[in-house]
Amino acid sequence: MWKEIAQIPSFYFDKFNFYILAKVNMASYNINNIRILLLLLNSNFLFNYYKKSGILISGGYEFKIHRIEKIPIRLPKNPKYYENLADYLLFLNATEERRQKLKEIIEFFDRQIADSLVYELYFKEKFAEDGLYPEPKEYLLEAVSKHLKPINYDRWAELYWKKQIEGNLKPEEEKELEDLENE
């Protein structure tokens with residue numbers, strides 16, 4: 001899902017089927033993990049690509065489905081590390097309180113790490129051709145992946161939203177949620 005008019009890309013995945021009031025677009029993609037698509041569509045690189053064909057309206061860009069569908073999506077051969085990074089970003093951005101408290105960390109993960117990995121994904125061949133890389137390989141991904149321990153974002157989100165909406169968790173679920181938060 002995404003806002004039809006926005007200053008920057010605002011793509012998100014509504015796993016829990018929450019209701020929305022504002023006008024948004026929805027699309028269905030046939031890829032194994034929607035998280036990778038979120039990383040790509042929210043990247044600075046693909047936003048710059050989109051701006052070339054997008055329409056500026058009311059101080060923002062009009063993100064119409066027929067233009068979004070034309071964005072070239074390049075999926076990684078080893079998606080695991082991109083999925084891990086996406087889980088970190090989903091977790092960090094999950095609550096307004098966390099977004100405010102961890103703004104600099106989120107900015108670092110999003111604009112420094114994720115954007116750099118997207119550029120590498122799309123341009124590793126060009127980097128090798130220009131002599132920046134010895135061969136067209138994902139060197140930055142290799143370096144970053146050593147530090148991205150997988151987290152269980154899905155289970156955390158399930159418990160977090162259950163607590164927010166229903167207001168009650170079993171004691172073992174409370175403990176599990178706390179453990180996932182600390183992780």
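The values are calculated or read from the model by the stated rules, or taken from the named source; none is laboratory data. Keep in mind the model is a prediction, meaning the values are calculated, not measured. Please note: Cβ atoms are built from the backbone with ideal geometry, for glycine as well, and neighbour counts cover all protein chains shown. Heavy atoms of the whole protein, side chains included, go into the accessibility calculation; ligands, DNA and RNA do not. Shrake-Rupley method; radii C 1.70, N 1.55, O 1.52, S 1.80 Å.
Pairwise Cα distances in the chain exceed 19 Å for 64 percent of all pairs.
Find the accessible area per residue for the chain; the probe is 1.4 Å, ligands and nucleic acids are left out, and the unit is Å².
Value returned for the chain: 63 Å² of accessible area per residue.
Every helix of 4 or more DSSP H residues in the chain counts as -39500 (n - 2.57), and over all residues that averages to -14500 deg cm²/dmol at 222 nm.
Here the accessible area of the chain is 52 percent carbon and sulfur, with a 1.4 angstrom probe and all protein chains present.
How would region 93-183 be classified by its alpha-carbon gyration tensor: rounded, prolate or oblate, with rounded meaning a/c under 1.5 and the a/b versus b/c comparison settling the rest? Since a/c reaches 1.5 and a/b is larger than b/c, the shape of region 93-183 is classed as prolate. The length gained by stretching the chain between S10 and E96 to full extension, at 0.36 nm per residue less their Cα-Cα distance, is 29.4 nm.
Temperature 10 °C, viscosity 1.306 mPa s: under these conditions the Stokes-Einstein estimate for region 27-113, based on its Kirkwood radius over C-alpha pairs, is 110 µm² per second. Close amide H contacts of I5 (hydrogens built in the peptide plane, cut-off under 5 Å, sequence separation of 5 or more or a different chain): F63. Applying 1/(1 + (r/R0)^6) with R0 = 22 Å to the Cβ-Cβ distance of I34 and I65 gives a FRET efficiency near 0.85.
Cross-link check: pairs K3/K70; K51/K149; K3/K103; K51/K103; K149/K175; K51/K77 evaluated at a Cα-Cα cut-off of 29 Å; pairs beyond the cut-off: K51/K149.
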